[in-house]
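*Asks:* The following block contains the structure, expressed as structure tokens.
Derivation of every value follows stated rules applied to the coordinates shown; laboratory data play no part. Remember, predicted model here, so these are calculated numbers, not experimental data. For neighbour counting, all protein chains shown are included, and Cβ atoms are generated from backbone atoms with ideal geometry for every residue, glycine included.
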Amino acid sequence: MRRPLVAGNWKMHGTKASVRALVEGIRQGMGEVAGVEVAVCPPFVYLERVSTLLADSDIALGAQNLCQVPQAGAYTGEISDAMLLEFGCRYVIIGHSERRNVYGEDDALVAQKCVVAARAGLTPIVCVGELLEEREAGHTEQVVGRQLAALLEAEGGLEALRRAVIAYEPVWAIGTGRTATPQQAQEVHAFIRTRLGEHDEQLARDIRILYGGSVKPGNAADLFGMADIDGGLIGGASLDAGDFLAICRAARP
Ligand code: 13P
């Protein structure tokens, strides 16, 4: 039985005051989300503050990225696995489409980051997903298959995936208000599980595959009701405690 996970990706949002209000709001509703694992992923600069605000709660902390090099060194602007652990992170989002498309992270770099995160004991939330033109050209499985292959074929990649969560985020659905239908999402989730099963059946059965892309309180239950959708990676709606909690409630088993 896969435990549902709902993770809030706050992206580049927040102030010292707003993150406090948001965490306090989420904490207040945690009694209603039994059986659901809940995580929040603030910007790096707020990790310490949010970690303190989460003390003695069941909400896990995650980061939005990490450096692909596992030891301290001359990597200006980067944040290491050890630093994330020191600040109480359990999760780290890897290869979000904004990292891939705005910052040029390629499949090989994403795979390297996934391996480094998993080896450090973090749980990578690895994002995959196609662009609108790729979907319209009928290339969704080809693109997602290529992204998965890079993870599976990297040295240590399969072991890393055994610790990982996958997030299917069709790029055309992110921040657009245009959600994949539950059937469209389910098709790709099933494809991901089948592809992983070709390498490791146990992994395919156990790995959680989240859906991300304009998940809102009004569409969450239908998405999470699909057989291969194990929760969500939530952007915009995770910045509102009430909406985020409503989405978490929709993931209850
Ligand atoms: P939205 O929920 O704002 O569409 O963002 C999804 C996302 O990118 C989560 O990582």
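*Asks:* Please indicate, with yes or no, whether at least one residue in the stretch 156-166 is buried (at least 17 other Cβ atoms within 10 Å of the Cβ) and within 15 Å of the ligand (Cβ to nearest atom).
*Replies:* yes
*Asks:* Keeping to the stretch 228-253, report how many residues are away from the ligand (no atom under 13 Å from the Cβ), more than 17 Å from residue 167 (Cβ to Cβ) and assigned to a loop (DSSP other than H, G, I, E, B).
*Replies:* Residues flagged as away from the ligand (no atom under 13 Å from the Cβ), more than 17 Å from residue 167 (Cβ to Cβ) and assigned to a loop (DSSP other than H, G, I, E, B) within the stretch 228-253 amount to 2.
*Asks:* Restricting to the stretch 1-28, name every residue that is β-branched (Val, Ile, Thr), within 20 Å of residue 98 (Cβ to Cβ) and either exposed (fewer than 14 other Cβ atoms within 10 Å of the Cβ) or under 15 Å from the mean Cα position of the chain (by Cα) (or both).
*Replies:* 6
*Asks:* Could you tell me which residue of the stretch 64-105 is nearest to the chain's Cα centre (by Cα), considering only residues that are surrounded by 14 or more Cβ atoms within 10 Å (Cβ to Cβ) and among the aromatic types (Phe, Trp, Tyr)?
*Replies:* Result: 91.
*Asks:* Could you tell me whether the stretch 93-108 includes any residue that is outside any helix (DSSP H, G or I), without any contact (Cβ under 8 Å) to a residue 12 or more places away in the chain and aliphatic (A, V, I, L, M)?
*Replies:* There is no residue in the stretch 93-108 that is outside any helix (DSSP H, G or I), without any contact (Cβ under 8 Å) to a residue 12 or more places away in the chain and aliphatic (A, V, I, L, M).
*Asks:* While we're here: Checking the conditions here, which among 183, 147 is within 16 Å of the ligand (Cβ to nearest atom) and more than 22 Å from residue 10 (Cα to Cα)?
*Replies:* Residue meeting the stated conditions: 147.
*Asks:* Still on this structure, please answer the following. Please go through the stretch 174-195 and pick out each residue that is out of contact with any strand residue (DSSP E or B) (no Cβ under 8 Å at 6 or more places or on another chain), in contact (Cβ under 8 Å) with a residue 24 or more places away in the chain and either buried (at least 16 other Cβ atoms within 10 Å of the Cβ) or in a loop (DSSP other than H, G, I, E, B) (or both).
*Replies:* 175, 176, 177, 178, 179, 182, 186, 191, 195
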